[in-house]
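Scroll down for the structure; my scribbles are underneath it.
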Amino acid sequence: MIMHRRGRRERREGFYSLCVLRVLCGENATVERTEEFRLNLQSEEKRYTALTHDIIGAAITVHRALGPGLLESAYEACLAFELMDAGHHVERQKPLPVVYRDVVVECGYRLDMLVDELVVIELKAVERLLAIHEAQLISYLKLSGMKLGLLMNFNVKYLHTGVRRFANGLPSLEGRKTVSMPADPGAISLPRK
């Protein structure tokens, strides 16, 4: 009975994947073009998966060495060192301008870290992650046009409980241990005081 349910779910997920591919490739896409697009998505998925694996592994190394309770800036410096030591390109405190009506407005937004020009990392050292922290990372992803972000809270006993992954326009990554961004920005509900 369980096998039957799993099989039905896998067929349904396969159907949805095919629907997404047809939407992205066009309704009259050939099988070859659809397959080529699927392979490109898989290689992109593998690249993002490998990079997030490296980032989280480096963060766990830093957390094991330092433990919880330090300032965010200490974790940022150590994580940047670990990632650069592993051969990744890391930008710290990268300015993020806002473009409003074709005018660039410097608002003081800064990405904590940008790794290999692909993944935005927002670091925290707080008691617990709140909806406002998630909204902050979602806003950074939208403003920067990046596809993947990691929200990491180092003030936890075990780091894996303080990591959240957000996808912005990566259909193959959305829904797998990833918080997908709502299509409507107004759908993000923040706690009221």
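Just so you know, all these numbers are worked out from the coordinates, no wet-lab data involved. Values in this document were obtained by computation on a predicted structure and should not be read as measured data. Here Cβ is always computed from backbone atoms with ideal geometry, including for glycine, and neighbour counts include all displayed protein chains.
Here are a few things to note about the model shown:
- Given charges at beta-carbon only (K, R positive; D, E negative), |dipole| of the range 90-148 in Debye: 100
- Whether the range 84-136 is rounded, prolate or oblate, judged on the alpha carbon gyration tensor where a/c under 1.5 counts as rounded: oblate
- Given R0 = 41 Å, the distance between the Cβ atoms of Ala86 and Cys107 translates into a calculated FRET efficiency of 0.80.
- Highest average packing first - 75-82, 44-51, 94-101, Cβ atoms within 10 Å: 75-82, 44-51, 94-101
- Cut-off 13 Å, label 7 Å out along Cα→Cβ of Arg64, residues of the range 144-166 by amide N: 159-160
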